[in-house]
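Notes to accompany the following structure.
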Amino acid sequence: MKNLLTIILFISVINNIHTQIDKVHPPNWWIGFENQNLQLLIKEQNISDYEVSIDYPGIKIIDIHEANSPNYIFIDLNISSMTKEGDVKIIFSKNNQKLTYNYSLKKRRTIQNQNKGFDSSDVVYLITPDRYANGNIDNDIIDGLKESKINRSDGYARHGGDLKGIINNLSYIEDMGFTSIWLNPVLINDMKKGSYHGYATTDYYTVDPRFGTLDEYIELSKKASKKNIKIIKDIIVNHCGLYHWWMDDLPFENWLNYQEVYLNSNEETIEKNTVYSNHRRSTIQDIYASESDYKGMLEGWFVPTMPDLNQKNQFMANYLIQNSIWWIETLNLAGIRQDTYPYADKGFLSDWAGRIMNEYPSFNIVGEEWSYNPIRIAYWQKDNKNKDGYESNLKSVMDFAMQKAIFEGISEEENWNTGLIKIYENLANDFHYNDPNSLLIFNDNHDMSRIFTQMRENINQTKMAMSIMLVLPRIPQVLYGTEILMQDSANPGDHGLIRTDFLGGWNDDNQNAFTGKNLSEEQLDMQNYLKVLLNFRKNNSAIHKGRTMHYAPSNGTYLLARMNNHEKVLIIINKNKKDIKIDTDRFYELGLKGEELTDIHSGEKYLWSNRITIPKYTSIILTTD
Ligand code: CA
């Protein structure tokens, strides 16, 4: 009897844990979304031969779709808001054979704890996780992955940085005054080389074990949230990595664009055979664009190792939308940074962002449109009146136009149409944006030469560029290491060099930016400069949401004011290598006559009389508060 009982128990254990299903994506779901539909991707050998049934109160199978490959099916479910959390047993039967899968259904967080997006009250700290801090040396090398070694002296190899390293240094990030963290992607990139950058996803639901575990990602989000630091996830819907698991058995003939080229190639020949992107982003809006140019842009592969996903396939579209929602819900994200925005199908992008914003109304998404043309940047922003009728659901777009204007404005010689006038005139383009305050501004990022190198390692100019960026009516983003004058001057623009290791993130580092140990005077000065400014900005509603007024540059100086009923904040840039007296009569509208303003860095007081003296070759930020 006892033996029989053991056998029965044993069988029931087997039934519970032995799922026999290769993949079910998304791996779990939640009750209580606005959209009660869920589409499961099921992958298993000849799964299309099986009947599917579910017996769970409140869960209905709406439809079951076969794919071109017999090894996939897609199950459309409806999940009633009245359903209870638990394991939903999905049964797959064929003749006498039965496969089961226990699908976990959870409750959503309460509305009060729902995701608040990032906005112009935030400053985003951009971190390349492999290069920030190595919090766990045990995950540096993972056997079985295609790139399973580290080499810190190679800019394109893995260096060992991870999520734990970021968790360990949240207090530093908080003290500096950053309020959000954007991590370059941390999902698995099981690629042969260059996997450190993270943009070649090989599974959309798995954290790269070299960065850590899903639990550590959740821990990061929770601990950051306790410090009022928001987490922004980098997501890529345009392309995956060449070694994504589905590349061996694609569900549909149109799962990827230019799939037929891939099928007749191998890694060595793929570069020759692949139709890869012409990167002509203007073709998306160009009314004169040829079909071949347009297709080259939209359907071409980003690079030969990154296959282009076809979001016009509704199963792919659902897969990507649900994947984003899964991460938002799992990590309680504040935002998404969507990579290579114009490269994906724009109808899909509208649905994707719309679905997310519908579930999370105060969430934010920033899209990367690498264009210096405000017309094209504005096209992607929500509620922009586009002549082709395109309706975007994207709140925030990256402002490369302003980034370039700041670079030129600060680094160029002053002349009628060069220098500070570039910043002045580019800001004057804000009339064209539906919501300029929600654009993301930056002086550099992981793909661009660092600001200190752009400014030819001139600290005064670097401070000018950083200070103007941080008071503009925008959401500012700062690349890790800017605060310690990291540079890529030996080979400007080299990606490995831009993404140099942060000082102090590795145990054997001789210098340490987290503690200040062995930093140069200039590095400490810059770190403190930014820390003061960021912490000033943190609670400054005039900068977050105030009115903006600026005055045409004159004699190498430029004044911009941010104002609300409580406070006025001024930035005055003086590019001259001598002190300049400015006549304040021009600025009568600011209503500052007789007021005393304070320099937020030096503490020096400025009495706003007829003339004030602006120190040489610097920018000062003054407040009336
Ligand atoms: Ca590590």
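The values are calculated or read from the model by the stated rules, or taken from the named source; none is laboratory data. Note that the structure is predicted; figures quoted are calculated from it, not measured. Glycine gets a Cβ as well: all are built from the backbone with ideal geometry, and neighbour counts include every protein chain shown.
Of the listed requirements (1) under 26 Å from G496 (Cα atoms); (2) without any contact (Cβ under 8 Å) to a residue 24 or more places away in the chain; (3) touching a strand residue (DSSP E or B) at 6+ places or on another chain (Cβ under 8 Å), E412 misses just one: (1). When we screen Y132, Y103 for residues that are hydroxyl-bearing (S, T, Y), crowded, with 21+ Cβ neighbours inside 10 Å and within 13 Å of the ligand (Cβ to nearest atom), the only hit is Y132.
One line per residue, one yes/no per condition, for (1) surrounded by fewer than 21 Cβ atoms within 10 Å (Cβ to Cβ); (2) at pLDDT 95 or above; (3) of a type in the set (F, W, Y):
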position	(1), (2), (3)
I459	yes, yes, no
V471	no, yes, no
Y480	no, yes, yes
I484	no, yes, no
A490	yes, yes, no
G504	no, yes, no
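Could you check segment 106-129 and list, in sequence order, the residues that are under 30 Å from D154 (Cα atoms) and either touching a His at 6+ places or on another chain (Cβ under 6 Å) or surrounded by fewer than 19 Cβ atoms within 10 Å (Cβ to Cβ) (or both)?
Answer for segment 106-129, where residues must be under 30 Å from D154 (Cα atoms) and either touching a His at 6+ places or on another chain (Cβ under 6 Å) or surrounded by fewer than 19 Cβ atoms within 10 Å (Cβ to Cβ) (or both): just T128.
Among the residues of segment 327-339, which ones are within 16 Å of the chain's Cα centre (by Cα) and part of a helix (DSSP H, G or I)? Matches in segment 327-339: W327, I328, L331.
Residues that are out of contact with any helix residue (DSSP H, G or I) (no Cβ under 6 Å at 6 or more places or on another chain) and within 16 Å of the ligand (Cβ to nearest atom) within segment 220-246 are absent altogether.
For every residue, the table says whether it meets (1) buried (at least 17 other Cβ atoms within 10 Å of the Cβ); (2) of a type in the set (S, T, Y).
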| site | (1), (2) |
| --- | --- |
| L145 | yes, no |
| S148 | no, yes |
| N151 | no, no |
| D154 | no, no |
| I167 | yes, no |
| S171 | no, yes |
| F178 | yes, no |
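With the structure loaded, tell me whether N68 is part of a loop (DSSP other than H, G, I, E, B), over 18 Å from N95 (Cβ atoms) and over 30 Å from the mean Cα position of the chain (by Cα) or whether it fails that test. Here the answer is yes, as N68 does meet what is asked.
The sole residue among R210, R158, R152 that is within 16 Å of the ligand (Cβ to nearest atom) and touching a His at 6+ places or on another chain (Cβ under 6 Å) is R152.
Yes/no matrix, rows are residues, columns are (1) modelled with pLDDT under 95; (2) surrounded by 18 or more Cβ atoms within 10 Å (Cβ to Cβ); (3) closer than 27 Å to T418 by Cα:
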position: G516; (1), (2), (3): no, no, no
position: E521; (1), (2), (3): no, no, no
position: A552; (1), (2), (3): no, no, yes
position: L560; (1), (2), (3): no, yes, yes
position: E567; (1), (2), (3): no, no, no
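Note on segment 109-129: residues that are away from the ligand (no atom under 16 Å from the Cβ), under 16 Å from the mean Cα position of the chain (by Cα) and not polar (S, T, N, Q) amount to 9. In summary, T202 fulfils each of the numbered conditions (1) part of a loop (DSSP other than H, G, I, E, B); (2) over 20 Å from the mean Cα position of the chain (by Cα); (3) away from the ligand (no atom under 16 Å from the Cβ) with the single exception of condition (2). So is T584 touching a residue at least 24 places away in the same chain (Cβ under 8 Å), surrounded by fewer than 19 Cβ atoms within 10 Å (Cβ to Cβ) and in contact with an Asp or Glu (Cβ under 8 Å, 6 or more places away or on another chain) or not? When the stated conditions are applied, T584 does not pass them.
Within segment 161-183, the set of residues being within 16 Å of the ligand (Cβ to nearest atom) and in contact with a strand residue (DSSP E or B) (Cβ under 9 Å, 6 or more places away or on another chain) comprises G161, L163, I166, L183.
Residue-by-condition table, conditions (1) over 27 Å from the mean Cα position of the chain (by Cα); (2) touching a residue at least 12 places away in the same chain (Cβ under 8 Å):
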{"residue": "A513", "(1), (2)": "no, yes"}
{"residue": "N518", "(1), (2)": "yes, no"}
{"residue": "E522", "(1), (2)": "yes, yes"}
{"residue": "D525", "(1), (2)": "yes, yes"}
{"residue": "I543", "(1), (2)": "no, yes"}
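Of the strands (runs of 3 or more DSSP E) entirely within segment 81-160, those holding at least 1 residues that are of a type in the set (K, R) occupy 86-94, 97-107. Listed by first and then second residue, the pairs linking a residue in segment 131-147 that is basic (K, R) to a residue that is near the ligand (Cβ under 7 Å from one of its atoms), with Cβ atoms under 8 Å apart and 6 or more places separating them unless they lie on different chains, are R131/G161.
So that you can scan it fast, the table gives a plain yes or no per residue for (1) assigned to a helix (DSSP H, G or I); (2) surrounded by 21 or more Cβ atoms within 10 Å (Cβ to Cβ):
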{"site": "V237", "(1), (2)": "no, yes"}
{"site": "E253", "(1), (2)": "no, no"}
{"site": "M297", "(1), (2)": "yes, no"}
{"site": "N323", "(1), (2)": "yes, no"}
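Could you check, for segment 38-47, whether at least one of its residues is assigned to a strand (DSSP E or B), surrounded by fewer than 18 Cβ atoms within 10 Å (Cβ to Cβ) and in contact with a helix residue (DSSP H, G or I) (Cβ under 8 Å, 6 or more places away or on another chain)?
No: segment 38-47 contains no residue that is assigned to a strand (DSSP E or B), surrounded by fewer than 18 Cβ atoms within 10 Å (Cβ to Cβ) and in contact with a helix residue (DSSP H, G or I) (Cβ under 8 Å, 6 or more places away or on another chain).
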